[in-house]
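What follows is a single structure, written as structure tokens, with notes after it.
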Amino acid sequence: MSDVRVRIAPSPTGFFHIGNAKTAVINWLFARSRGGTFVLRLEDTDTERSKPEYADIICEALHWLGISWDEGPDFAGEPQAGDLGPYRQSERRDLHLGEAQRLLESGNAFKCFCTKEELDAERERAQAQKRPPRYNGKCRNLPAEDIDAKGGAPFAIRFKVPEGQTILDDMVQGTVKTENKEFDDFIIVKPNGDPVFHLAVVVDDGLMKITHVIRGDDHLSNAMRHKMLFEALGYDVPKFAHLPMVLDEHGKKYSKRLHGANLLDWRDDGYLPSTMLNYLVLLGWTPSEEGRELFTPEELIDAFDETRLGKSAGKFDLKKLQWLNGQHIRMMSVEALCEALLPIMKTAGLDTATKDEAWLLRMTEICQEKIPTLNDIVPYTEFFFNGVTEYEEKPVKKNWRKEGVVERMDAMLVAMESVSDWTADALKESFTALSESMGVGLGQFTNPSRLALTGKAVGPGLFELAELLGRDEAIRRMRNGIAHIQALEPQA
RNA sequence: GACCCCAUCGUCUAGUCUGGCCUAGGACACCAGCCUUUCACGCUGGUGACACGGGUUCAAAUCCCGUUGGGGUCGCCA
């Protein structure tokens, strides 16, 4: 194992966002491709919003995507793993506070006695005067006796931002330079004694010996603060990689309210985890093998190379995702696909238990080339189970109101009854012969009969579906269809 | 508002660091055609982009400056 150590640090405050998923995927790929360690740390310090069930969801989402971690807390039935824990941030409070104390002692931090009210007022004043809303440094150089004089007054601990500038050599964004005076002395411990995010991440990343911090570029400005903190604490400064964020189809930040913001929405919509992995990576990374887009998770680990991460934000494109999902469905083995399909069919009320395994595999086979998502299996096969309850209006108009359709349907019925071997091949042969002898295109036979057998215009191949339906049922449905055509009202 | 980041077909992008091979390549989408039992798959072809303005240079998508547009940060949220 190499010394690469990366982490993801989701907050269990809601569902697992698509942006979190992208970050997780890149971190995971980086770790796996470099033989490094992938750490999962739960940032659950926001006691108001953090809930255990949200942590369970993170676990579920990661498992679904096929992302495994090497170190992490015990949660959602997973045991704790790793020696640098605890991996739940709320359990690391003493560590954070101890480090804040060190900062205080080394003169890199100071106690601030300003009240929230004072600060809010000051901020408003700054905004009114169009000044940057910054801390005014009032308590920065308070003499010891003044501090003593405050007695037991509550105080926050602020980091004393050093002079000079901070330069970040970001793996994605390149060199980013900021004057330190752009930052005010930010709070690292609240008056109530809670450590603030900036302190907590840096202490955790430092103590967990994280070598590469890979996260969304909404943290780019924060990273400057974090680097100063790393240096003040005497930790090795990790390398940073700030990934562009995932935008929605209109180029806006992917709002939590939008369908699809929740990674698991895609599972529910019938997308494969391997598709999501593949798609998320493509949204901001290109392989060195030019033009290649289709990858299995294993192939991604092989091909991944962090130098090819892009720096501009990408919009989520549903059409491309659908295409990619179709490709992934086609790459699956029939057995695996069948296994993925059955629960979906059951949920939709299709009683798959009435069919044997060979039948189900054949069904899978004839749908594999056609369905864009797993969920499409339901409209593609429901007629096998539910029978034909109604005929779609449009294809009726298109196929059943044509001249001579009853004659052709009758001829097909006869052909079906006389076919010796009820297989797709034999049926095709028989229909083709019919089409030739009557001098009418094959489509004039297959389209009307598809409607009779399925009630729809779209579905699996006609002969294959007829084979699976069985001779008796197919013939019965043909008869019903013919009766229906004869009962059609003349068109207005 | 201040600071930071970004900017190539409708979309994801290659090419930018290390100017010339770029009359800008691929993929999705779209259009046309082929294949074909529907839809789909597949195949062939097509439409379609270097945000704008200045420089530098024999030569710029590529380097520099400015403008515009988008995003982020500026919390006792994470």
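We did not get these values from a lab; they are worked out from the coordinates using the rules stated. In this text the structure is predicted, and so the values were computed from the model without any measurement. Every residue, glycine as well, gets a Cβ built from its backbone with ideal geometry; the counts of neighbours run over all protein chains shown.
Before moving on, here are some points about what is shown:
- Loop-resident sites, the stretch A:245-300, for GluC sites (Glu not before Pro), counting at most 10 other Cβ within 10 Å (DSSP): A:Glu289, A:Glu290
- Here is the list for the stretch A:23-66: trypsin sites (Lys or Arg not before Pro) lying in DSSP coil, each with at most 14 other C-beta atoms within 10 angstrom of its C-beta, are A:Arg49.
- Principal-axis tilt of helix A:220-233 within chain A, Cα atoms, nearest 10 degrees: 40 degrees
- Placing +1 on the Cβ of every Lys and Arg and -1 on the Cβ of every Asp and Glu, with nothing else charged, gives chain A a dipole about its Cα centre of roughly 1600 debye.
- Sequence-distant residues sharing a close amide H with A:Leu243 (under 5 Å, placed H): A:Arg215, A:Gly216, A:Asp217
- Table column - 3J(HN,Hα) (Hz), the stretch A:38-49, Karplus curve with 6.51, -1.76, 1.60, x for Gly and Pro: 10, 10, 10, 10, 8, 8, 10, 7, 7, 5, 4, 9
- Residue order, fewest to most beta carbons within 10 Å, for A:Arg158, A:Arg134, A:Arg88: A:Arg134, A:Arg88, A:Arg158
- Lacking any other cysteine beta-carbon closer than 4.7 Å, the following Cys residues of chain A have no compatible partner: A:Cys59, A:Cys114, A:Cys338, A:Cys367.
- If you plug the beta carbon distance of A:Lys319 and A:Phe113 into 1/(1 + (r/R0)^6) with R0 = 60 Å, you get a FRET efficiency near 0.55.
- For chain A, averaging the sequence separation of C-alpha pairs within contact (under 8 Å, six or more residues apart) and dividing by the residue count gives a relative contact order of 12 percent.
- Between 0 and 90°, nearest 10: helix A:197-207 axis offset from chain A longest Cα axis: 90 degrees
- Estimated vicinal HN-Hα couplings, Hz - the stretch A:240-253 in sequence order (Karplus 6.51, -1.76, 1.60; Gly, Pro = x): 10, 9, 9, 7, x, 7, 8, 9, 7, 5, 9, x, 9, 3
- Stretched out straight at 0.36 nm per residue, the stretch from A:Ala336 to A:Gln101 would grow longer than its current Cα-Cα span by 79.0 nm.
- Proximal lysines relative to A:Lys394, as straight alpha-carbon distance under 19 Å, when same-chain residues fewer than 8 apart are discounted: A:Lys402, A:Lys456
- FRET efficiency, 1/(1 + (r/R0)^6) with R0 35 Å, evaluated for A:Ile301 and A:Glu417 via beta carbons: 0.05
- Net charge over other residues, Cβ less than 9 angstrom from the Cβ of A:Ala457 (K, R count +1; D, E count -1): +3
- Bridgeable lysines around A:Lys315 (alpha carbons under 19 Å apart, same-chain partners fewer than 8 residues away excluded): A:Lys22, A:Lys252, A:Lys253, A:Lys256.
- A:Ala81-A:Asp425 FRET efficiency (beta carbon distance; Förster radius 60 Å; 0.05 resolution): 0.65
- Once both labels are positioned 7 Å from their Cα atoms along Cα-to-Cβ, the gap between A:Ser255 and A:Asn192 label points is 3.0 nm.
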